[in-house]
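Below: one structure, written as C-alpha cells.
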Amino acid sequence: MSVAGRFLAVFAVLAMTDSGARVQGSTEARPYYHGPLMLVALFILGAFLAGSIPTGLLIGKAKGIDIRTVGSKNIGATNVGRVFGRRFFFLCFAIDFSKSLVPVALAGWWLGGLGVFGPLPAGVSLAWVGVMAAAVLGNIFNPWLGFKGGKGVATSIGAIMGVFPALAVPAVAACVVWFCTLKIKGYISLASIVAAGALPLLTAGQFAADSLRRGAGMGEALRAGAPFVAVCAALAALVIWKHRANIARLRAGTEPKAGERAKA
C-alpha cells in the first residue's frame, strides 16, 4: 500500500472509531454526527478520487498537447498558464479548487460541522480533516498517473475553504500572504511556498483567538485545533516538498516569473 493509502486508512479508522464512541456516549455530539460510520470512509475515498482528476492534463489533451512534456512538465495550473495563457491558468485553478471544495464541504455538511462556530467533537474533526487531506493527496499522488500529480496548491486552497468556518479565516489570510508575496517578488512558486508555510501558524492563531474570544483556556484551543493544525502542517510540508525543483531554480536564478510563457 502506498504512503497516501496508509495515511487515508489511518484517518478513516481514527475518525470512525472516535466519532462512533462520541455518538453513542455523548448527547452533545449527536447534533454534529449522524448516519452510518462507513460513509466516513466513502467520503474519504470519494474526495481522493475527486482530487485525482488530472485537470491540467485534460486541458492539455483538449489542446493537442501533453502538458507533461512542456514547460515545467507539471500538470498544475501554473504550468498550464505558462503554456496556454492566463485564461487557461484560471480555468485549471478553478477546477482544481472546486474538485476539493465540493467533497470537503459536502462531508462537513453531512457530519454537521459545516457552518458551526466553536469546537467540534474530536471524531467529527478527524473525519472532516481526513476528507480534506484525501482530496489533496489525490491531486499530489495521482493514481491514474503513476502516483505523480500536481503540487496541490489550488486543491489545498479549495479543501481548506471547504472546512468552513474552522479554516476559512486562515485560508483567506494565506491567500493574502500568497498575493502579497507574488506582488513583491513576482514568483508564483515562491508565493505558494510562503503561503503554505504560513498556513499552520495562521490556523493555530485562529483557534487560539477563538478560544480567547469565548473566554476558554488555551487547553481547549489545543484540543479543538490540534487535528486541523496537524493536517495543515502536513499538507504544507507536502506542498513545499513538491516545489523542491522550483526552490532549486529560485536559488539558481532561473525560475520564470509570473506571466512568462513557456514554449509549447
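Computed from the coordinates by the stated procedures, all read-outs in this text should not be read as laboratory data. None of these values were measured; they are calculated from a predicted model. Backbone-built Cβ (ideal geometry, glycine too); neighbour counts: all protein chains shown.
Placing R0 at 45 angstrom, the Cβ-Cβ distance between ARG87 and ARG214 gives a FRET efficiency of 0.50 after rounding to 0.05.
As a rough footprinting exposure proxy, the listed residues ASP96, ASP66 were ranked by other beta carbons within 10 Å of their own, and the order from fewest upward is ASP66, ASP96.
For region 115-217, applying the loop criterion from DSSP together with a ceiling of 16 other beta carbons within 10 Å to the chymotrypsin sites (Phe, Trp or Tyr not before Pro) yields PHE117, PHE147.
Label-to-label distance, LYS63 versus VAL169, with points set 7 angstrom from Cα along the beta-carbon direction: 4.0 nm. Remark: the ALA245-LEU222 segment gains 4.8 nm on full extension, using 0.36 nm per residue and subtracting the alpha carbon distance. Neighbour counts of C-beta atoms inside 10 Å place ARG213, ARG86 in the sequence ARG213, ARG86, starting with the fewest.
Could you tell me which of the pairs LYS151/LYS183; LYS61/LYS183; LYS148/LYS183; LYS61/LYS242 are separated by over 26 angstrom between their Cα atoms in the structure shown? With Cα atoms farther than 26 Å apart: LYS61/LYS183; LYS148/LYS183. Ranked by how many other Cβ atoms sit within 10 Å of their own Cβ, fewest first, the residues ILE53, ILE157 fall in the order ILE53, ILE157. Maximal additional length on extending the ILE184-ALA252 stretch stands at 22.6 nm, based on 0.36 nm per residue less the C-alpha distance. Counting 0.36 nm for each residue step from LEU49 to LYS148 and taking away their Cα separation leaves a gain of 34.2 nm. Working from Cα pairs under 8 Å separated by at least six residues, relative contact order for region 3-252 is 20 percent.
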